[in-house]
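One structure below.
The values are calculated or read from the model by the stated rules, or taken from the named source; none is laboratory data. Note that the coordinates shown come from a computational prediction; the quantities given were computed from them, not determined experimentally. Every residue, glycine among them, receives a Cβ derived from its backbone with ideal geometry; neighbour counts consider all protein chains shown. Accessible surface areas use protein heavy atoms only, side chains included; no ligands, DNA or RNA. Shrake-Rupley method; radii C 1.70, N 1.55, O 1.52, S 1.80 Å.
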Amino acid sequence: MPAPAMHGEGRNGVPLRTRRILMHAGIFLTLVLAWEIGARAGYLDPLFYPRPTAIVDSFIRIYITQGNIWRHLYVSLGLVFAGFAAGSILGIVLGSLVGFNALARRFVKPYVLVLEATPRIAVAPLLIAALGFGAQSKIAIIMLVCFFAPFINTLAGVVNVNEEKLELFNSLGASKFQILTKLVLPEAVPVIMAGERLALTASLSGVLVAEFIQRDQGIGSLILIYTRNLNMASAFACIFTLTVVGFLIFKGMEMLDRYIAFWNNETGMARVGAARKARWEN
Amino acid sequence: MATADSRVRDPVVGGNSVGKTFAGGTVVALENASFDIEKGSFVSLVGPSGCGKSTLLRLIAGLIEPTSGSLQVHGSKVSAPRQDVAMMFQRATLLEWRTAIENVLLPTEIQRRVTADDRNRAMELLQLVGLGEFAFSFPAQLSGGMQQRVALARLLQTGADVLLMDEPFGALDEFTRERLNIELLRIVGEVGATTIFVTHNIAEAIFLADKVYVMTPRPGRLAQVIDVPLARPRELAVQTSPEFNRLVEDARETLGAL
């Protein structure tokens with residue numbers, strides 16, 4: 001969408017942006033309405049496709065009247081952030097170590113390739129067997145699914161350091177440590193952040209898998225319980241909750257990325273430039 | 001014939017039969033180069049691709065080692081990058097996450113702890129290259145020409161008195177390049193550095209230099225030394241003078257006789 005069109009005016013003086021929003025809302029409402037009518041008229045099996053209004057009722061129940069989803073949401077998100085933090089820090093640290101050390105790279109590479117080709121989820125039951133039931137094995141599963149993207153991206157970022165900048169650092173007589181901290185790692189930040197985004201999304205799937213296998217608490221087990229009790233409306237309410245959580249996580253990571261890799265956007269450069277100027281003058 | 005003027009009074013950079021081969025000796029990048037470069041002078045290395053001009057620059061910078069012969073700077077052998085020699089590249093190679101002033105300070109940061117004097121010096125250098133107002137801009141906020149000015153200030157911040165420049169303005173448009181060349185002459189004149197400037201543009205080489213080393217390829221060698229007696233400060237108009245054109249013809253003859 002070209003930027004000028006956003007502020008342009010459509011027919012009847014209604015801004016284009018508003019028109020687009022109205023159009024999307026119209027399509028969405030039509031679909032929901034068709035679903036509602038289809039379910040009520042018996043074209044859709046209400047057992048598997050509950051009415052939208054039933055889903056709204058379930059939302060109200062699990063969030064307000066019964067309020068039982070909060071505890072599960074809290075548990076799941078806690079696991080997501082714990083597993084994500086541990087997995088991605090491990091990925092970044094190992095990725096930079098392996099990337100910066102040619103010898104380590106040669107030895108680690110084949111194992112990474114093999115592990116990358118293996119679906120990580122397949123290992124989940126083994127992790128539970130090894131670590132037992134409980135938060136530990138769940139966090140381990142999440143770590144496993146969100147380790148690789150930061151690891152691979154950090155590795156790639158560190159290995160693909162700009163040759164000309166490297167020559168500059170060499171001509172200035174920089175030490176290996178200075179090259180790592182002043183050139184290689186900062187330059188790898190945007191690609192590492194891209195890995196982090198993938199990892200956080202993956203960790204949301206990871207927590208669900210972990211909770212599907214160990215159905216004690218969390219959103220995953222809640223979905224499983226509702227589905228088994230044929231309470232599909234509530235299961236849908238949980239799934240839509242996850243949609244919102246996933247969207248918020250994605251947007252949050254996008255903002256964090258823009259904040260950390262500030263030199264890739266105008267607002268970031270203006271903010272940091274002003275801050276550095278103020279620090280300089282003190 | 002590869003021996004440059006031996007009457008140099010105060011040599012800062014000297015080469016003695018310097019040779020460099022790559023790929024296990026199969027590619028001769030530079031052969032038997034001997035030269036002495038006078039303190040405070042401006043020397044251009046000009047020649048087509050593959051004549052070894054960039055190789056010679058990297059040898060002087062200590063980034064690569066000669067296969068044969070030896071190089072001295074200030075009378076001591078070059079074996080690694082050193083603080084009295086600094087290099088500027090065709091691209092600005094600024095760090096995008098640092099402001100202009102922080103980029104200028106990079107060489108100092110690598111050498112030692114940055115002091116208030118270093119910061120003041122860096123700011124002065126940015127003013128010298130005409131970018132005092134852009135000290136806290138990031139490279140992405142600067143034009144290509146401005147980025148090269150920052151790179152020039154960074155080069156001077158090293159404190160080196162031998163400046164190596166590898167087609168520093170080669171990626172810029174003609175107008176910006178001409179303007180920056182004039183400023184370059186003013187600035188290196190002001191700091192009194194010895195400058196070795198690589199280019200493939202004959203007119204540019206002569207316009208800037210006190211002495212032009214014409215280099216020829218396969219194998220790369222110093223083919224001719226041209227003294228440029230044009231008065232300083234020079235202005236662009238000098239390029240239309242008969243004397244200037246005679247020098248250009250002279251270099252072209254050497255390069256044409258390949």
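Summary of values
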read-out	value
Some residue of segment A:143-159 being small (Gly, Ala, Ser), out of contact with any strand residue (DSSP E or B) (no Cβ under 6 Å at 6 or more places or on another chain), within 13 Å of chain B (Cβ to nearest Cβ) and touching a residue at least 12 places away in the same chain (Cβ under 8 Å)	no
Residues of segment B:107-131 classified as touching a helix residue (DSSP H, G or I) at 6+ places or on another chain (Cβ under 8 Å) and either within 11 Å of chain A (Cβ to nearest Cβ) or open to solvent by 10 Å² or more (accessible area, probe 1.4 Å) (or both), total	12
Residue that is nearest to B:VAL228 (Cα to Cα) [pool: residues in segment B:175-217 that are modelled with pLDDT of 90 or more and of a type in the set (Ser, Thr, Tyr)]	B:TYR213
So A:PRO119, is it under 21 Å from the mean Cα position of the chain (by Cα), free of Cβ contacts under 8 Å to residues at least 24 places away in the same chain and either open to solvent by 70 Å² or more (accessible area, probe 1.4 Å) or within 14 Å of chain B (Cβ to nearest Cβ) (or both)	yes
Residues that are out of contact with any strand residue (DSSP E or B) (no Cβ under 8 Å at 6 or more places or on another chain), within 14 Å of B:LEU155 (Cα to Cα) and touching a residue at least 24 places away in the same chain (Cβ under 8 Å), drawn from segment B:96-115	B:ALA100, B:ILE101, B:ASN103, B:VAL104, B:LEU105, B:LEU106, B:THR108, B:GLN111
Extreme residue, surrounded by the most Cβ atoms within 10 Å (Cβ to Cβ), among residues of segment B:94-106 that are at the interface with chain A (Cβ under 8 Å from one of its Cβ atoms) and closer than 11 Å to A:LYS182 by Cβ	B:LEU106
Selection status of B:SER137, surrounded by fewer than 21 Cβ atoms within 10 Å (Cβ to Cβ), in contact with a helix residue (DSSP H, G or I) (Cβ under 7 Å, 6 or more places away or on another chain) and among the hydroxyl-bearing types (Ser, Thr, Tyr)	yes
All positions within segment A:22-68 that are assigned to a loop (DSSP other than H, G, I, E, B) and among the hydroxyl-bearing types (Ser, Thr, Tyr)	A:TYR43, A:TYR49
Selected residue [touching a residue at least 40 places away in the same chain (Cβ under 8 Å) and part of a strand (DSSP E or B)] from B:GLN83, B:GLN90, B:GLN72	B:GLN72
Selection count where residues are of a type in the set (Ser, Thr, Tyr), within 14 Å of another protein chain (Cβ to nearest Cβ) and under 24 Å from B:LEU184 (Cβ atoms), scope segment B:25-84	2
Matching residues in segment A:231-282 - criterion: being within 14 Å of chain B (Cβ to nearest Cβ), in contact with a Phe, Trp or Tyr (Cβ under 6 Å, 6 or more places away or on another chain) and of a type in the set (Ser, Thr, Tyr)	none
Residue satisfying condition, being open to solvent by 30 Å² or more (accessible area, probe 1.4 Å) and within 22 Å of B:LEU30 (Cβ to Cβ), within set B:VAL225, B:VAL198, B:VAL238	B:VAL225
Qualifying residues in segment A:131-172 (those that are farther than 30 Å from A:GLY78 by Cα and open to solvent by 50 Å² or more (accessible area, probe 1.4 Å)) - the one farthest from the chain's Cα centre (by Cα)	A:ASN170
Residue check for A:SER171: of a type in the set (Ser, Thr, Tyr) and within 14 Å of another protein chain (Cβ to nearest Cβ)	yes
Qualifying positions in segment B:158-175 - within 23 Å of B:GLU133 (Cα to Cα) and open to solvent by less than 20 Å² (accessible area, probe 1.4 Å)	B:THR158, B:PRO168, B:PHE169
Residue in segment A:210-217 that is part of a helix (DSSP H, G or I), out of contact with any Ser or Thr (no Cβ under 7 Å at 6 or more places or on another chain) and at pLDDT below 90 present	yes
Selection status of A:VAL184, hydrophobic (A, V, I, L, M, F, W, C), within 14 Å of another protein chain (Cβ to nearest Cβ) and either within 23 Å of the chain's Cα centre (by Cα) or open to solvent by 50 Å² or more (accessible area, probe 1.4 Å) (or both)	no
